[in-house]
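Where a number appears in this text, it was derived from the coordinates with a stated rule and is not lab data. Note that the structure is a prediction, hence the values are computed from the model and not measured. Cβ atoms come from the backbone with ideal geometry, glycine included; neighbour counts cover every protein chain shown.
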Amino acid sequence: MANRNERRKLGAGFIVPGVLLVAIVGILVSLGNWQMRRLSWKLDLIDKVDSRLSAEPADPPGPENWANIDADAIAYRQVRMSGRYLHGEFHVFTSLSDPKGRYGGPGYWVMTPFRTSDGWIVFVNRGFVPQDLKAASSRPGSDAPQGDLTLVGTVRQAEPEGTGPSFEAEPKKNIWYRRDPAQLALAGGLAPVDVAPYTVDLNAGSGSPSGLPQAGETKVSFKNPHLGYAMTWYGLALSAIGVFAVYVMGAHRRRKAGDRTVSSA
């Protein structure tokens, strides 16, 4: 009878840890499942971007689409547009690793407003220049070509406040840290309502004959750690189950050892 009561007490002692185990495992598995869903989303995004990069260039989204534009849906789309460059260039700081062209390291994206033949404006990233060649006067022949042009490039999402580096822009030095069309429009005396809410990177072959700015440096890379995160959460769930199993087996061994001690007495 005493042994039966001990077993009941032992079983009751597992209730609270067991409930906690179920809750913990449930949370960990849910986190793992969420990461697997993120993995599926990321792989789908990569497939979509790959298909956009290899597609034939189309017209860029015009003002009639800007109000409800889906930045993710247009990112990396190939576009062809006709028009003319406006005066001036804006320098957005970057650090170009693994360049496709000659130049890399710290430097700037050269952003120039481009008025399309339809009348609206888009900021074109004409390419990369090294830090010591920031000034247009230091790179003869790198001015934006004049006259009617047809450009081919890659749509990039805007980088409004809250994205990218947190450094403050230095307008007097013409140094910016985000490719934010609205911010650049105001600096250039342009009406933001006339400026596209995205930018366009020039593709290789559409840049300056002088080689600077160095076009065709669009980086297409996505962090995809979701499978590793999922395995971590699932592994922690299995570890929690293992710890509980060890705890239960240890309790049973202690109970059996106590029963033998009572019997021998």
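Evaluated over the chain, the count of Lys pairs having alpha-carbon atoms less than 29 Å apart is 16 (only pairs 8 or more residues apart or interchain).
Taking amide H as placed 1.01 Å from N in the peptide plane, the amide H of ILE175 sits under 5 Å from that of GLU170, each at least 5 places away or on another chain.
Computed about the Cα centre, the dipole magnitude for the chain is approximately 2160 debye when only Lys and Arg (+1) and Asp and Glu (-1) carry charge, each at its Cβ. The distance separating the Cα centre of the range 238-252 from that of the range 43-121 comes to 56 Å.
Counting other Cβ atoms within 10 Å as a rough exposure proxy, the listed residues ARG126, ARG38 run ARG38, ARG126 from fewest neighbours to most. Considering helices alone, the calculated mean residue ellipticity of the chain at 222 nm is -13500 deg cm²/dmol, with DSSP H runs of length four and up weighted by -39500 (n - 2.57) and normalised per residue.
Applying the Karplus relation 6.51 cos²θ - 1.76 cosθ + 1.60 with θ = phi - 60° to the range 117-129 yields 3J(HN,Hα) values of 5, 8, x, 8, 10, 9, 7, 9, 7, 6, x, 9, 10 Hz, where x marks Gly and Pro.
The H on the amide N of ARG77, modeled in the peptide plane, is under 5 Å from the matching H of VAL155, each at least 5 residues off or on a different chain.
Among LYS223, LYS134, sorting on how many other beta-carbon atoms sit within 10 Å of each Cβ, with the fewest leading, yields LYS223, LYS134.
For Cα Rg over 2.2 N^0.38 Å, the choices are (i) 1.05; (ii) 1.65; (iii) 1.44; which was calculated from the structure? Matching the structure shown: (ii).
The relative contact order of the range 82-170, computed from alpha carbon pairs under 8 Å that lie at least 6 residues apart in sequence, is 27 percent. Each Lys and Arg Cβ is given +1 and each Asp and Glu Cβ -1; about its Cα centre, the range 77-202 then shows a dipole of about 280 debye.
Residue by residue, the range 79-96 carries 3J(HN,Hα) couplings of 10, 10, 9, 10, x, 9, 5, 8, 6, x, 9, 10, 10, 10, 5, 7, 9, 8 Hz when phi is fed to the Karplus relation 6.51 cos²θ - 1.76 cosθ + 1.60 (θ = phi - 60°); x denotes Gly or Pro. Taking Cα centre as origin and charging only the Cβ of basic (Lys, Arg, +1) and acidic (Asp, Glu, -1) residues, the dipole magnitude of the range 57-113 rounds to 320 debye. A quarter of the convex hull surface defined by the alpha-carbon atoms of the range 77-202 gives 7.9 nm² as the mean projection. Derived scalar couplings between HN and Hα for the range 55-67 equal 7, 5, x, 10, 5, x, x, x, x, 5, 9, 5, 4 Hz in order, rounded to whole Hz, by the Karplus curve 6.51 cos²θ - 1.76 cosθ + 1.60 (θ = phi - 60°), x for Gly and Pro. Amide hydrogen proximity for LEU96: with H placed 1.01 Å from N in the peptide plane, the residues at 5 or more positions away or on another chain lying under 5 Å are GLY105, GLY107.
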